[in-house]
Amino acid sequence: MSEPSVRLKHLLDQARRGDLGARDRLFQSCRNYIAIIARARMESWMKAKFDASDLVQQTLLDAHRGLNQFQGKNDAEWLAWLKQILENNAKDVIRHYRTDKRQAGLEAGQGDGESFNRMDGIAGDSLSTPSQVLMAHEREIAVATAMATLTEDHQTVIQLRSLQRLPFEDVAERMNRSRPAVQMLWMRAIQKLEEAISQVAE
């Protein structure tokens with residue numbers, strides 16, 4: 001199987017030349033990637049008000065409509081462009097639902113786009129293969145695809161610990177588990193992610 005970045009660049013080139021089939025495959029291949037970032041972006045106070053899947057849909061729709069405006073030349077610039085659309089949409093959602101100063105503070109605290117840069121640190125504090133893989137833009141799609149194959153609990157613990165960088169105590173509280181149980185779950189999730197990345201990259 002060819003490298004994800006090669007396939008992505010090929011689809012992007014074809015889509016920009018007017019190939020509608022390639023256009024559909026391009027956006028489908030990016031859906032998991034956008035979904036992971038959108039889920040990390042939505043703070044817990046937003047979850048009862050807004051589904052991250054709606055943010056994914058809006059982002060892909062906006063990107064689909066604005067493909068002709070994309071001026072980048074490679075997959076890294078393409079992913080950065082998608083992230084920026086997602087960031088703008090997320091800010092609109094937060095602004096719409098903001099009701100008090102505390103929520104306003106959350107919006108201000110997220111303005112640096114930090115959560116969007118954590119795909120390169122999904123392995124948390126370890127220096128294992130996933131973190132090294134994730135540091136390369138061209139592997140982000142492969143990682144997102146691998147993430148989508150994990151169980152809901154494994155995805156959740158990676159989202160909370162490795163993307164949102166919450167302390168294990170907070171992760172345990174949100175998942176209604178003990179800290180030792182969450183730490184074990186996280187270690188197993190990272191192991192499963194390593195295996196899934198290897199399969200995707202083959």
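Things worth noting here:
- Single residue of the range 4-43 satisfying the filter (closer than 30 Å to residue 165 by Cβ and of a type in the set (Lys, Arg)) that is surrounded by the most Cβ atoms within 10 Å (Cβ to Cβ): 41
- For residue 50, the conditions (1) at pLDDT 80 or above; (2) part of a loop (DSSP other than H, G, I, E, B); (3) aromatic (Phe, Trp, Tyr) are fulfilled apart from (1).
- Filter pass, residue 82 being among the hydrophobic types (A, V, I, L, M, F, W, C), in a helix (DSSP H, G or I) and either surrounded by fewer than 16 Cβ atoms within 10 Å (Cβ to Cβ) or at pLDDT 85 or above (or both): yes
- Test for residue 148: is it among the hydrophobic types (A, V, I, L, M, F, W, C) and either modelled with pLDDT under 75 or crowded, with 17+ Cβ neighbours inside 10 Å (or both): no
- Some residue of the range 109-129 being of a type outside the set (Ser, Thr, Tyr), part of a helix (DSSP H, G or I), modelled with pLDDT of 85 or more and within 19 Å of residue 42 (Cβ to Cβ): no
- Scope the range 173-202; condition assigned to a helix (DSSP H, G or I) and of a type in the set (D, E, K, R); matching residues: 173, 174, 179, 188, 192, 194, 195
The values are calculated or read from the model by the stated rules, or taken from the named source; none is laboratory data. Because the structure is predicted, anything quoted here is derived from the model rather than measured. Positions of Cβ are backbone-derived with ideal geometry, glycine not excepted, and every protein chain shown enters the neighbour counts.
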